[in-house]
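Note sheet for the following structure.
The values are calculated or read from the model by the stated rules, or taken from the named source; none is laboratory data. Remember, it's a predicted structure, so these values are computed and weren't measured experimentally. Counting neighbours? That spans all protein chains shown, and the Cβs are built from the backbone with ideal geometry, glycine included. The accessibility values were calculated without ligands, DNA or RNA, using every heavy atom of the protein model including side chains. Shrake-Rupley method; radii C 1.70, N 1.55, O 1.52, S 1.80 Å.
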Amino acid sequence: MVLLISYTNIFSQKVGLVLSGGGASGVSHIGVLKALEENNIPIDYITGTSMGALVGGLYAAGYSPQEIEEVFLSDQFKQWAEGHLDEKYIFYLREKDENPSMITFKFDLDTLLETSLPTNLISPIAIDYGLMRYFAPSTAASNNNFDSLFIPFRCVASDIISRKPYIFKEGKLATAVRSSLAYPFYLTPISCEGKLLFDGGLYNNFPADVMVDDFTPDYIIGSNVSSNFELPDEDNIISQLKTIIVDDTEYSIPSEVASILIEPKASEFSLFDFEKNEDLIKIGYEATIKQIETIKKDIKKRVDVYDLVEKRKNYRNSLPKMVFDDLEVTGMKAAQNMYVRKSLRFKGDTVSAEKLKSEYIKVSSDDKIKKIYPEAEFNKQTKRFTLKLEAKKAKDLFVSFGGVFSSRPINEAYIGLQYNLLGKTAVSILANTYFGKLHNSVSGGFRLDFPFRIPFYWKTTFTIDGWDYFKSSTTFFEDTKPSFLVINDEYFRSELAFPVAYKGKVILDGTAGEMVNNYYQTKAFLSTDTTDKTMFRNFSAGLHFERNSLDMKQYASKGSYLSFGGRFIKGEEYTRSGSTSFIKEEFDTLVDWFRAKITFDKYFSLTKRIRFGVFGEGVYSNQPFFNNYTASILAAPAFEPLSESKTLFQENFRAHNYLAFGIKNIYQLSKNIQLRLEGYLFQPHQNILQDDEKKAYYGEIWDEGHFIYASSLVYTTPLGPIAFNANYYDKFEDPWSFMFHFGYIIFNKKSLE
C-alpha cells in the first residue's frame, strides 16, 4: 500500500514553470526549455511575463523548444524586434515621392497645439500579424480557454489605469502575449475590454504568485533573467522614468511550494538587443544543465521524449488550418473602413494566412492609416477564420522638416505638408518648399488613391524650381569665379500610376511648362555684361515602369531599382543673346524629340559585412541641338549617379545618347557605419562639343568616355545619414571634391525627368 501511494504521488506530481520578463535576456528561457525537455522533466503549467510570456505562450501553444529557437533565430523575428516589414510586401504604389524629410510631426486640425509625439520606437505591424498566425489555431482549438491549450498557461500584462497586473486566463492568446510585450515607448499598448494594457513587467515581472494561485503545482521551476532597477540617477532620465512607472518585483518563489530558481547570466545584454539570440539560448541551456541533477532529484516524474513528440504532433494536427473566408474592418467611419477593405482586395474566397499577409502589410504601411490590429475569429460551422481588423485613421496633417547641411554651399532646408482626407477614396493635399543657395523650389498639388480591384492613383502638381550654380560654386574654403548659370523651371505635371506586383508601378504622365536658362558662354564676363537667355515652352508625355526595393533613399546597400520608359517632348525654343554672345540675333523655333531611358541598380551580399552593387544606365534620343552650345548642353540628359552629382553642372557628363556602368563595394563596418568605394564609366555615343562660335556639334562616335571615382564613409542616424565624401570627376575643371554632409541630397523632380 505504501509503495502504491508513493507511486501515485510520483506520477501525479505537477510541475509549473515560471518565466520572467527581461527584454532580450528573456530569450535565454528557450535554452531552459531545451534542457528540461532533453532531460525528460515534465512541464504541466506555465506562467510568463513579457518575453517570458512570448516564449511560454509558444510552448503552451504546442511548439517545441527547437521550433521556438528557429523562430527567434529567423529573419522574421528580427523584423518583429526592429519593427521592420517584409520589404517584398511593402506596396510601392502607395509610397510618396522621395524627399529629404528627416522628421515628421502629425496633427489633428482641431488640436493643432497637441502634436502626435511617437508613443513607440518600433512599428508593431509585423509582430501583430506574426503573433496572430502563431497563436490563432491553438486559441480556436481551446475555445479561448488558456487551460485547454497544449500546456495550461497564464500571461501577465499591466493595467496602467488601475496600476495593477492583469492576468490573462482566456481570450485571444495573441492579444494576451502582445499586451504583455508592450514595453512603454518601445511597442504600442493594447486596448482590451476597456483597459489600456502594457508590458506585464511593470507590476509583476516574475509571476510565481500567479502560478501558485491559479495552478497550485507541487513543484515550481523558475527562470529569471531580470532584477529590480537601481536607484534613479539625477542625471539619467531613463532611470527616473523606470522608477516612476515600474513597481519592484519579488524575484522569488513562495516558500510553501518546493522549487528551484534558475538564473541565466544574461544581464550584460541590453534590453532590446536581439542580435545575439543564439548566445542567449546557450546561456539559458547551460544555466539549467548546472542545476539539472538537483531538479531530477526533486522531481521524480519523467516524460518520455517520444511520447511527448507524438502528443505534440497529434495536438498540432488537431488544430484548424489558418484559412480565412471573411473579413471585417471596424474602428473608423463606414467609408474609411470600406477603403481598408477594398485596399486588401479580399474577394470573399478562402485565402491562407501567408497570402493574406502581403495584403495586410500593404494596407498597414499606408500613411493614412495609423494602425491596424488583426485578430482571427474561428467559425465552428465553416471551420474557417474571419480576419477582424481594428483600424485607426492617421492624423489629418503631416508636417515634415529636413534638408541637408554640408561643407559645400549646397545647404538646404525642406518643409513638406500633407493634409489627408480619408473616405472611400483617399485624398492628399500636398505642398513642399526647398530653400538654399543652390536650389529653391515650391510645389503644390493633390493626390487621389483609388482602392479599386486594380488600385491606382492620380496626382497633379505645379512646381517652380530654381537652380543657381553661380552662388553654389564657392565653398567654405575657397573663392573661385565660375561661369554664370541660373536655371528656372515652372511646370504642371499630372500622372496616373498602376501597380505591377508589390514593388513596381507603371506611370503615365504629362507635363506642361517653361524652362528659362540665364547664362554666360564665357568665363571672361563683367558685372555689367548681360546674360544669354534661352526659354523653352514645352509639353511632354511619358510612360515608364519603375520597381524599387532599395533599403534606403540615399546610400542604399540592399535591394534593387529598375526604371525604363520613354518620353515625347515638344516645345518652342526662344533664345535672346547677351552682351558676350557671338551670335547677336534672336532665335525662335519649334523642336520635338523622343527620349528613352533605362536605369538599373542592384546590391548583393557577398558576406555578412561585404556587399557588392552594380549600376547601369542608358539613354537614347533624337534630340536636336539648341541655338548654342550652352543651351544644348543644358537641355541634354545628365548622368548623375552620386548624390553630389545632382549639385554640380558637369558638361562632360551630359549627352543625347549614352551608356553608363558602375560597380560599388560596400563594407559594413558596424550596424550603422559603412565604407563605400564606387567607380563609374560614362560613355557618350558622341560627345557634345562647341566650335569657335559657341555652336554645338558632335564628336567622333564612341570616342571618349569619362570616369567617376567615389568614396564615402557613412554613418546612418535615425534622422538621416552623416557622410564624408571624396569624389573624383574625370576631366572636370576641379576634378577632386571633398564634402561632409548631414541629411539628404534629394530634390523635386525636374520637368522633363
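Just give me the residues in the range 674-687 being touching a Lys or Arg at 6+ places or on another chain (Cβ under 7 Å) and either hydrophobic (A, V, I, L, M, F, W, C) or over 16 Å from Asp730 (Cβ atoms) (or both), in sequence order. Outline the logic, then answer.
If we filter the range 674-687 for residues that are touching a Lys or Arg at 6+ places or on another chain (Cβ under 7 Å), which is where we start, we get 676, 678.
Correct list: Arg676 only.
Can you name every residue in the range 563-590 that is free of Cβ contacts under 8 Å to residues at least 40 places away in the same chain and surrounded by fewer than 18 Cβ atoms within 10 Å (Cβ to Cβ)?
Once the filter is applied, which keeps residues that are free of Cβ contacts under 8 Å to residues at least 40 places away in the same chain and surrounded by fewer than 18 Cβ atoms within 10 Å (Cβ to Cβ), the range 563-590 yields Ser563, Phe564, Gly566, Phe568, Lys570, Glu572, Lys584, Glu585, Glu586, Asp588, Thr589, Leu590.
Rundown of residues vs (1) in contact (Cβ under 8 Å) with a residue 60 or more places away in the chain; (2) within 30 Å of Glu67 (Cα to Cα); (3) acidic (Asp, Glu), yes/no style:
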{"position": "Val303", "(1), (2), (3)": "yes, yes, no"}
{"position": "Leu319", "(1), (2), (3)": "yes, yes, no"}
{"position": "Asn337", "(1), (2), (3)": "no, no, no"}
{"position": "Asp349", "(1), (2), (3)": "no, no, yes"}
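Every residue, every condition in (1) part of a strand (DSSP E or B); (2) farther than 30 Å from Gly720 by Cα; (3) not aliphatic (A, V, I, L, M), yes or no:
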site: Asn627; (1), (2), (3): no, yes, yes
site: Leu634; (1), (2), (3): no, yes, no
site: Ser645; (1), (2), (3): no, no, yes
site: Gln674; (1), (2), (3): yes, no, yes
site: Ile688; (1), (2), (3): yes, yes, no
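Can you tell me how many residues within the range 121-157 are of a type in the set (Ser, Thr, Tyr), open to solvent by 10 Å² or more (accessible area, probe 1.4 Å) and modelled with pLDDT under 95?
So the count comes out to 1.
When only residues in the range 641-671 that are among the small types (Gly, Ala, Ser) and either in contact with a helix residue (DSSP H, G or I) (Cβ under 9 Å, 6 or more places away or on another chain) or closer than 23 Å to Trp593 by Cβ (or both) count, which is surrounded by the fewest Cβ atoms within 10 Å (Cβ to Cβ)?
Ser645
Could you look through the range 262-271, keep only residues that are in a loop (DSSP other than H, G, I, E, B), farther than 15 Å from Ala81 by Cα and touching a helix residue (DSSP H, G or I) at 6+ places or on another chain (Cβ under 8 Å), and pick out the one that is modelled with the lowest pLDDT?
From the range 262-271, those in a loop (DSSP other than H, G, I, E, B) are 263-271; that's our starting set.
Imposing the further condition that a residue be farther than 15 Å from Ala81 by Cα reduces the set to 263-268.
Next cut, touching a helix residue (DSSP H, G or I) at 6+ places or on another chain (Cβ under 8 Å) only: 263-267.
Values: Glu263: 91, Pro264: 91, Lys265: 87, Ala266: 78, Ser267: 74.
The qualifying residue modelled with the lowest pLDDT is Ser267.
Here are Ser540, Ser557, Ser581, Ser563: which of them is under 22 Å from Phe91 (Cβ atoms) and small (Gly, Ala, Ser)?
Only one candidate qualifies: Ser563.
State the number of residues belonging to the range 13-36 that are open to solvent by 10 Å² or more (accessible area, probe 1.4 Å) and either within 18 Å of Pro152 (Cα to Cα) or of a type in the set (S, T, N, Q) (or both).
2
For the range 395-410, state whether one or more residues are touching a Pro at 6+ places or on another chain (Cβ under 9 Å) and closer than 30 Å to Phe324 by Cβ.
Among the residues of the range 395-410, not one is touching a Pro at 6+ places or on another chain (Cβ under 9 Å) and closer than 30 Å to Phe324 by Cβ, which makes the answer no.
Would you pick out the residues in the range 631-640 that are of a type outside the set (A, V, I, L, M, F, W, C) and either open to solvent by 20 Å² or more (accessible area, probe 1.4 Å) or within 26 Å of the chain's Cα centre (by Cα) (or both)?
Glu640
Where residues in the range 47-91 are in a loop (DSSP other than H, G, I, E, B) and modelled with pLDDT of 85 or more, which of them is farthest from Ser20 (Cα to Cα)?
Phe91
For the range 250-264, give me the residue count where each residue is acidic (Asp, Glu) and in contact with a Phe, Trp or Tyr (Cβ under 8 Å, 6 or more places away or on another chain).
1
Restricting to the range 193-250, and then to whatever is under 25 Å from Phe146 (Cα atoms), touching a Pro at 6+ places or on another chain (Cβ under 8 Å) and charged (D, E, K, R), can you tell me which residue is modelled with the lowest pLDDT?
Asp199
Mind listing just one residue for me: the one in the range 272-288 that is touching a Lys or Arg at 6+ places or on another chain (Cβ under 9 Å) and not in a helix (DSSP H, G or I) and, of those, surrounded by the fewest Cβ atoms within 10 Å (Cβ to Cβ)?
My answer is Glu275.
Looking at (1) open to solvent by 10 Å² or more (accessible area, probe 1.4 Å); (2) out of contact with any helix residue (DSSP H, G or I) (no Cβ under 9 Å at 6 or more places or on another chain); (3) in contact (Cβ under 8 Å) with a residue 40 or more places away in the chain, can you tell me which one Phe626 breaks?
Failed condition: (2).
Where residues in the range 482-529 are of a type in the set (Ser, Thr, Tyr) and either open to solvent by 40 Å² or more (accessible area, probe 1.4 Å) or on the phi > 0 side of the Ramachandran plot (or both), which of them is modelled with the lowest pLDDT?
Ser483
Name the one entry in Thr607, Thr580, Thr599 that is part of a loop (DSSP other than H, G, I, E, B), within 34 Å of the chain's Cα centre (by Cα) and hydroxyl-bearing (Ser, Thr, Tyr).
Thr607
Out of the residues in the range 251-271 meeting the condition of being among the acidic types (Asp, Glu) and closer than 24 Å to Tyr183 by Cβ, tell me which one is least open to solvent (accessible area, probe 1.4 Å).
Applying the first criterion (among the acidic types (Asp, Glu)) to the range 251-271 yields 256, 263, 268.
Next cut, closer than 24 Å to Tyr183 by Cβ only: 263, 268.
Values: Glu263: 88, Glu268: 154 Å².
Looking at the filtered set, the residue picked out is Glu263.
Which of the numbered conditions does Pro189 fail, given that it passes all the others? Conditions: (1) modelled with pLDDT under 65; (2) over 21 Å from Ser267 (Cβ atoms); (3) in contact with a helix residue (DSSP H, G or I) (Cβ under 8 Å, 6 or more places away or on another chain).
For Pro189, the failing item is (1).
What's the number of the condition Leu197 fails, among (1) surrounded by 19 or more Cβ atoms within 10 Å (Cβ to Cβ); (2) closer than 19 Å to Gly21 by Cα; (3) in contact (Cβ under 8 Å) with a residue 60 or more places away in the chain?
(3)
Being modelled with pLDDT of 90 or more, open to solvent by 70 Å² or more (accessible area, probe 1.4 Å) and more than 10 Å from Tyr629 (Cα to Cα) is the filter here; which residues of the range 683-699 pass it?
The one that is modelled with pLDDT of 90 or more, open to solvent by 70 Å² or more (accessible area, probe 1.4 Å) and more than 10 Å from Tyr629 (Cα to Cα): Tyr698.
Does Ser158 satisfy the criteria of being more than 26 Å from Gly62 (Cα to Cα), assigned to a strand (DSSP E or B) and under 33 Å from the mean Cα position of the chain (by Cα)?
Numbers: more than 26 Å from Gly62 (Cα to Cα): no; assigned to a strand (DSSP E or B): yes; under 33 Å from the mean Cα position of the chain (by Cα): yes.
The answer is no for Ser158.
Sort out which residues of the range 205-218 are outside any helix (DSSP H, G or I), touching a Lys or Arg at 6+ places or on another chain (Cβ under 9 Å) and within 21 Å of Ser28 (Cβ to Cβ), and write them in order of number.
First, pick out the residues of the range 205-218 that are outside any helix (DSSP H, G or I): 205-207, 216-218.
Retained after the next criterion (residues that are touching a Lys or Arg at 6+ places or on another chain (Cβ under 9 Å)): 207, 216-218.
Correct list: Pro207 only.
Of everything in the range 158-174, what is hydrophobic (A, V, I, L, M, F, W, C) and either open to solvent by 20 Å² or more (accessible area, probe 1.4 Å) or in contact (Cβ under 8 Å) with a residue 60 or more places away in the chain (or both)? Give them in sequence order.
Let us first name the residues in the range 158-174 that are hydrophobic (A, V, I, L, M, F, W, C), namely 160-161, 167-168, 173-174.
Residues satisfying the conditions are Ile160, Ile161, Ile167, Leu173, Ala174.
Can you tell me which residues in the range 555-577 are of a type in the set (A, V, I, L, M, F, W, C) and part of a strand (DSSP E or B)?
Scanning the range 555-577 gives Leu562, Phe564, Phe568, Ile569.
Residue by residue through the range 55-74, note down the ones that are over 12 Å from Arg312 (Cβ atoms), without any contact (Cβ under 8 Å) to a residue 24 or more places away in the chain and open to solvent by 40 Å² or more (accessible area, probe 1.4 Å).
Glu70
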